[in-house]
Every structure is written in C-alpha cells, then in structure tokens.
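Structure first, commentary second.
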Amino acid sequence: MVAGFRRVAVAAALFSVAVSAMVLLGWWLGSEAMKAVLPGQTTMKINTAIGLGACGLALLACQWPRTRGGPASGLLSLFVAVLGLVTMAQFIWGIDLGIDTLFHDDRQAIDRGRIPGRMSELTTLAFALLGLAGLATCSPRRLWLAQASALGVLLIALYAMSTYGYQMASRTPVTPFFPVAIHTGILLLVLVLALGWLAARPGEGMMRVLASASFGGVLTRRALLPSLLIPSLLAFVAQWLQSNEVLTPQATLTLLAVGSGGLVAWLVWSVGALLDRLEGERRVLRGLREDAFTDVLTGLGNRRAFQQAIEGMLMQRRESDSDFALLMLDIDHFKRYNDSHGHPEGDEVLRLVGAALRAALRPGDVAARFGGEEFAVLLPGIGGGLALKVAERIRRDLERTAWPHEPVTVSIGAAQATHDESPEHLVARADAALYRAKREGRNRVVLDA
C-alpha cells in the first residue's frame, strides 16, 4: 500500500509537468485549446504553468531515489512559494513588479479587465501552500505542516471547482478574485498536486490511516475522496446544465438534493458491503485457524495447539505460581487392534477416545491428540495428587466403555509442572511416567515422582 501511494505521487508529478508543458507550448503557438479546457473560459497563465511545472518537478525530485534527500526538491519548492507570495504581494499592495508579463503581454486579459498575465488570488495562495508543502514534506520534523498545507490546497481547489459551476450558470464572476482556469483548479490542484504531496509520505501522519491495511484504512480509501469530490462535481454539473437551459433553477435544486442523497446512500452501501466482505474473510480465517489447530479425526486439538497451550500455561506458572498438571495417555495394544479389526475400526477407537476426553474434562482443560494413538491433557489449577484422581477417572471411564469389538484400555502418565520447567522437560517426565505404567502391566495411572 505504501509503494502504491508513492507511485501515485510520482504519477501526479509527471502529469503536472506534462500539463504545464502543454500550456506553455499553447502560449508559444497561440493555441487557445491548449491554454484552456473549454472555449471562452479562463486560460492558464504562463506563470501559473511555470509554477505548476516547478511544483511537479519538486514532487518528482522528492520521490525519485536518485534525488530524494537532495536540495533539488527544496529549491524548486522554494521557487513555487516565492512565485506565489510575490504575486500575492502585488495584489495586496497594488504594485506591478513586471513578473506577470515577463514572457507575454496577455492582451486577452486586458480585454476582460483583468491584470495582464497575472494568475488569480486563489492560485497565488495555492502556490504559497504548495511550496510550503514541498519544503516541509522532505523534512521528517515538519510532516504536520506539509500535510496541513496540502489539505489547504485541496480545500482551495474544491472551492474553485464548485464556484466555477455557479459562474458558468450566472455568466458573471461569483467573486471578484475568482478566475481560475478549470484545469488549474480541477485537474492539477485537486487530483494531482494536493493529493500528490499527501501521497509523498504514506504511512505517516494523517496518511497513516489511509495506508493502513486495517478496516479503517480500507473504509477511508474507499469513502474519503468521493465524499470530497462528488458534491463539488455535482454542483458543477448542475450549474452547467442550468447555464445551458437544460434545467430550471427548481430542477437544479432537485438534482442537487437527489444527488446528495444518492451519495449518502452509496457511502452507506459501500460501508455495508465492506463490512460484509470483512466478516466473510474473518469467518474464513477463523475456520482456517481452527483447521490449523484441530485434529481432523478426533476433533481435539493437534500437536500445534498443545504446544501453544503448554507454553502459555508454563509462562503463567512462572508469573503467578499457578499449578497445572500434564497427562500423557496411550491406547494399550493399539497396533494389535488395528491388525485384528482394520484401520477404519482403529480410527473409530480414536474418535471414541477423543469424545470421552471431551466429556470428562472441564471447560478450561486442554485435550490434544499428541500423535498416533497418544493423547495429552493439560489440567490448569490442579496439583499432582488431584491430577492422579482425574487420570484414574478417565482410565476407568474408558475401561467401562462399550467398545464395538473388544475391550480397549489406556495407560496414563501424570506430571505436575515445576516453576522454571521447559515444555520439552515436562512432556519427557509425563512420558516417562506413561512408560512406567506400560511396563507395570498397562491399564493403569502412574504419577511422576
């Protein structure tokens, strides 16, 4: 996910540079189509194109392995910030430093009553913030400043995109400082540079949630950007339709209301679908986990489950000095039973032993098939004397079971865990007691001394 966000940042940088080059070529060739997306609409100024190209190169230098950490990104970002601040100063103090018409006299702006060659006030503010974001992004200690600046640019772009639709409907500027080229406001500021600088440091700051593989990360990636962009796009489309007399003002309001309700409904459905998918995946994972820790034949825990349980109980024993005991149980003469009655009947004996152990033990006890015809039982909170009684009860219950072909008995070895014992040593002691029970005639319980 982090690598994906970095690729987004690089793509944003390359796209910004490409659009900047196209606009500059349009000014050189005198092509209105290359300078503005829609005929008769605001064109992107030369200084705007230069600033956007420099910002794209700064973002690329911040992400490119050979230039990452070098001065290129910082110097280019500083240029973008200075360009925005100097142009803003011209607006504030009513001065002309000659930077707006340095490359072109921009007669079209004079005809419209605008200052020739000068970008809008919104664009100057966006450039100041983009330059600040570029300067701060490659500095680990100023990440919050970089992301806050990029969010500020995103808000400016969303405002510009929404206002553009109202201007198209009214045919007059909605605000005295509005004129922002549509590809400046929509394509570059929103979809490229603001999001590009945010994606430049994935997994950190506010981007940590977006880059996360958790439910919160998936939900944020799916719902955040549409919830920001769709209302502005909807307002733009509705006002454009009204300006072309496709919709009446009343129909425009209806479209906005229905569209907003549809957005909310889509977000609710998206969250529900995501929750449903995650719940399905959780059930699958739970089933896989149970399969990984369960013996298929007996339904008891397997060797892996036993190992995990005994390690946990020994750790608890060391921390809280709580007793527990281990029983090692082996079916007597099981090979002879298999040879006489066949392996399917032997499997049935193993299943019956597993069922008997589940019936005989408490909820907190752990029974596992240790291997072959050998079983292990962990008895938390029980010392050696009580473990001997539990083992004897299990042995007696199995002896009295109505077996299908011939009586089946078990031998059991018991051992009480000591304070600093390893799992291997405890199993070895219980095994030794089990072998003693077999040597002494089988069908009996022996406690490790």
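Once you reduce region 429-449 and region 208-236 to the center of their Cα atoms, the two points are 65 Å from each other. Between 0 and 90 degrees, the angle of helix 143-170 with respect to the longest Cα principal axis of the chain falls at about 50 degrees.
For the chain, the dipole from Cβ point charges (+1 on Lys and Arg, -1 on Asp and Glu) about the Cα centre works out to 680 debye, to the nearest 20. Give the residue from Val366, Val410, Val264 lying farthest towards the positive end of the charge dipole for the chain; charges sit on Cβ (+1 for Lys and Arg, -1 for Asp and Glu) and the dipole is referred to the Cα centre. So the residue we want is Val264. Near Ala387: Cβ cut-off under 12 Å, other residues only, Lys/Arg at +1 and Asp/Glu at -1. The net charge is -2. Ranked by the mean number of other Cβ atoms within 10 Å of their residues, highest first, the peptides 389-395, 322-328, 213-219 come out as 322-328, 389-395, 213-219.
Report summary: the helix-based calculation at 222 nm, which adds -39500 (n - 2.57) for every DSSP H run with n ≥ 4 and divides by the residues of the chain, gives -21000 deg cm²/dmol.
Any idea what the alpha-carbon Rg over 2.2 N^0.38 Å comes to for the chain?
On the way: Rg = 37.3 Å, N = 449, 2.2 N^0.38 = 22.4 Å.
For the chain, the normalised Cα radius of gyration is 1.67.
The long axis of helix 384-399 is offset from the longest Cα principal axis of the chain by roughly 80 degrees. So what's the angle, to the nearest 10 degrees on a 0 to 90 scale, between helix 303-320 and the longest Cα principal axis of the chain? In the chain, helix 303-320 runs at an angle near 90 degrees to the longest axis. Each of Ala223, Pro65, Met1 was scored by the projection of its Cα onto the charge dipole of the chain, and the greatest displacement toward the positive side belongs to Pro65; charges sit on the C-beta of Lys, Arg, Asp and Glu. Could you let me know the centre-to-centre spacing of region 350-369 and region 47-62, using Cα atoms, in angstrom? Measuring centre to centre over Cα atoms gives 70 Å. Candidates Gly280, Gln250, Gly385 compared by Cα position along the dipole of the chain: farthest toward the positive end lies Gln250, with charges placed on Cβ.
Take every Cα pair under 8 Å whose residues are at least 6 apart in sequence, average their separation, divide by the length of the chain, and the relative contact order is 12 percent.
Each reported figure results from applying straightforward, stated rules to the coordinates on display, with no laboratory input. Just so we're clear, the structure is a prediction, and the values are computed from it rather than from any experiment. So basically every Cβ, Gly included, is an ideal-geometry build from the backbone, and we count neighbours across all protein chains shown.
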